[in-house]
Amino acid sequence: MRELTIRTLFASEYQQAIDLANRTFRSKEQKSMGDAFPHVFSKPLGQGIGAFDQDRLVSYMGLVPAFIDMNVTQISSCLLGSVCTDIDYRGRGLASKLLAKVFHHVEEASASLLFVSGDRPLYQRAHCSAFGSFQECTFVRSGTEIEEASRHQDLSWEIRDLNSTDWLTILKIRKKLASTISTTPYEWATLLESEAFSSCFHAYTRILVAKHNDVVSGYAVVSIPLGHEHLSGTILEWYGDQTCLQHMIIAAIRRWGLEKLVVYLDESDLFSLDTAFTTMERRPVKNQGTVAIINAEQLYEEILPDVISRGYQDDDQLQFHPLNKNTWEIVINNRSWVMSHEELVAFLFDNQFEKEDWGKEEELLRRAWFPIKLPYLISLHYV
């Protein structure tokens, strides 16, 4: 058996990666992975990592470098997706070897976090952890609120499709979100056209723009199924106040004849929606995929401006000390705890955190500073 070579791809080899991904993930009715995920198979970025049997690509992992914008700071990160192996080469441990190469590459790229599209044991063994606290909310067309809105329209609101003069306005208000994946008008338009998430579920993507008294007040990126029965759509990203979101939800359900519409919300967005939509169903979920902390010290420096904006005062209150690659010491008010990777992820990114000997005073401080709000990763940037 020949020894395989693991390395980054040359520009001329990305078509092999697209072909392999198409064989693995696509049916004849779906668009090519290269068209749906141009950022994952980007020759100019050159972030693809593969295993080669001589000149033949037999396993692939695609990386996308990205900044997480958080109003007062940015987090350096990479997103990993389109992980696939030729059927004749499975069972040889190739994925583990490629993932080790990915971790080395991401570390060399100076990323603080690696977001992984999956949660398989392969990733769990590499200390990729579930993260985040969201509510998956489902709104149904048969709800009384939808029917009532059909009879009584608020004429101060206009919900319409995106047009060519909206890009700057939409991306300007998008910056007001607690966290987003950084983008430009061209990049966002390209991702809208490629329909990464929607293409996986026989759907298409549109953007609704909400205007209140002739002023653009919000938007919603909606994934709409192509079928005609039991239609369930998903809002991939949105901005607006609670009234704006209510109008966009109702407009999307009515416009595309959806039976259901799913939105992923932070806990803070729920109260008025619980009141406005008595038929709303919800359940707690984690963010999509898993995350690995690549450089905790750099991550601490990057999130510090956000923590300071919440009332953090000085280094005597909170310190991070790496003990080894996957274990850290956290010091709060001169008390210390040793945390595993999974515990540190929960400490930083989850609403709830539990640990032995974790006191009320420390938890009150943690809740004042954390969680760091990361964007929900089922979005236009889906990998």
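The values are calculated or read from the model by the stated rules, or taken from the named source; none is laboratory data. Small disclaimer: the values here were computed from a predicted structure and weren't measured. Cβ coordinates were reconstructed from backbone atoms using ideal geometry, including for glycine residues, and neighbour counts include every protein chain displayed.
Per the listing Ala252, Ala196, Ala189, Ala210, the residue uniquely over 30 Å from Gln352 (Cα atoms), without any contact (Cβ under 8 Å) to a residue 24 or more places away in the chain and among the aliphatic types (A, V, I, L, M) is Ala189.
Of the residues screened, Leu208 is not one that is in contact with a helix residue (DSSP H, G or I) (Cβ under 8 Å, 6 or more places away or on another chain), part of a loop (DSSP other than H, G, I, E, B) and either under 29 Å from Val40 (Cα atoms) or not charged (D, E, K, R) (or both).
Quick check on the stretch 118-137: of everything there that is at pLDDT 95 or above and hydroxyl-bearing (Ser, Thr, Tyr), which residue is nearest to Thr290 (Cα to Cα)? Among residues in the stretch 118-137 that are at pLDDT 95 or above and hydroxyl-bearing (Ser, Thr, Tyr), the one nearest to Thr290 (Cα to Cα) is Ser129.
Every residue, every condition in (1) closer than 15 Å to Ile378 by Cα; (2) touching a helix residue (DSSP H, G or I) at 6+ places or on another chain (Cβ under 6 Å); (3) at pLDDT 95 or above, yes or no:
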{"position": "Arg141", "(1), (2), (3)": "no, yes, no"}
{"position": "Glu148", "(1), (2), (3)": "no, no, no"}
{"position": "Arg151", "(1), (2), (3)": "no, no, no"}
{"position": "Lys172", "(1), (2), (3)": "no, no, yes"}
{"position": "Thr183", "(1), (2), (3)": "no, no, yes"}
{"position": "Tyr186", "(1), (2), (3)": "no, no, yes"}
{"position": "Ser194", "(1), (2), (3)": "yes, yes, yes"}
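How about the stretch 211-241: which of its residues are in a loop (DSSP other than H, G, I, E, B) and either under 18 Å from Ser179 (Cα atoms) or among the small types (Gly, Ala, Ser) (or both)? Working first, answer last.
Here is the first cut: in the stretch 211-241, the residues in a loop (DSSP other than H, G, I, E, B) are 213-214, 226-231, 240-241.
Across the stretch 211-241, the qualifying residues are Gly227, Gly240, Asp241.
Every residue in the stretch 37-94 that is aromatic (Phe, Trp, Tyr) and crowded, with 21+ Cβ neighbours inside 10 Å, please. Listed by number, the residues that qualify are Phe37, Phe41, Tyr60.
The one condition from (1) under 16 Å from Thr290 (Cβ atoms); (2) out of contact with any His (no Cβ under 6 Å at 6 or more places or on another chain) that Glu356 does not meet is (1).
Taken over the stretch 24-52, the criterion of being in contact (Cβ under 8 Å) with a residue 12 or more places away in the chain and among the basic types (Lys, Arg) is satisfied by Lys31, Lys43. Looking at Leu192, is it under 18 Å from the mean Cα position of the chain (by Cα) and in a helix (DSSP H, G or I)? Taking the combined requirement at face value, the residue satisfies it. Scan the stretch 326-383 for residues that are outside any strand (DSSP E or B) and of a type in the set (Val, Ile, Thr) and the total you get is 4. In the stretch 222-236, the qualifying residues are those that are modelled with pLDDT of 90 or more and surrounded by fewer than 22 Cβ atoms within 10 Å (Cβ to Cβ), and the one that is nearest to Leu162 (Cα to Cα) is Ile224.
I'm checking my understanding of the structure. Among residues of the stretch 4-36 that are of a type in the set (Phe, Trp, Tyr) and surrounded by 14 or more Cβ atoms within 10 Å (Cβ to Cβ), which one is farthest from Ala100 (Cα to Cα)? Explain how you work it out, then say what you get.
Filtering the stretch 4-36 for residues of a type in the set (Phe, Trp, Tyr) gives 10, 14, 25.
Of the ones still in play, those that are also surrounded by 14 or more Cβ atoms within 10 Å (Cβ to Cβ) are 14, 25.
Values: Tyr14: 21, Phe25: 23 Å.
Among those residues, the one meeting the criterion is Phe25.
Within the stretch 343-372, the residues that satisfy the criterion of being acidic (Asp, Glu) and under 18 Å from Ile303 (Cα atoms) are Glu343, Asp350. Among the residues of the stretch 223-256, the ones that are over 18 Å from Asp266 (Cα atoms) and among the hydrophobic types (A, V, I, L, M, F, W, C) come to 8 in all. The numbered conditions (1) within 30 Å of Thr205 (Cα to Cα); (2) not assigned by TED's automatic domain parsing to the domain that holds Ile235 are all true for Glu329 except (1). Against the list (1) in contact with a Phe, Trp or Tyr (Cβ under 7 Å, 6 or more places away or on another chain); (2) crowded, with 18+ Cβ neighbours inside 10 Å; (3) assigned to a loop (DSSP other than H, G, I, E, B), the condition Thr183 fails is (1).
Looking across the stretch 152-174, not a single residue is of a type in the set (Phe, Trp, Tyr), more than 22 Å from the chain's Cα centre (by Cα) and either farther than 12 Å from Ser217 by Cα or not assigned by TED's automatic domain parsing to the domain that holds Val221 (or both).
In the set (1) modelled with pLDDT of 85 or more; (2) under 18 Å from Ala130 (Cα atoms); (3) more than 22 Å from the chain's Cα centre (by Cα), Leu344 fails one condition alone, (3). When the criteria are applied in full, Leu98 fails the requirement of being surrounded by 15 or more Cβ atoms within 10 Å (Cβ to Cβ), touching a residue at least 60 places away in the same chain (Cβ under 8 Å) and closer than 30 Å to Glu267 by Cα. Where strands (runs of 3 or more DSSP E) sit wholly within the stretch 242-308, those with at least 3 residues that are surrounded by 14 or more Cβ atoms within 10 Å (Cβ to Cβ) and within 18 Å of the chain's Cα centre (by Cα) occupy 260-265, 290-293. Please determine whether any residue of the stretch 212-223 is among the charged types (D, E, K, R) and under 19 Å from the mean Cα position of the chain (by Cα). Checked against the condition, which is being among the charged types (D, E, K, R) and under 19 Å from the mean Cα position of the chain (by Cα), the stretch 212-223 yields no hits at all.
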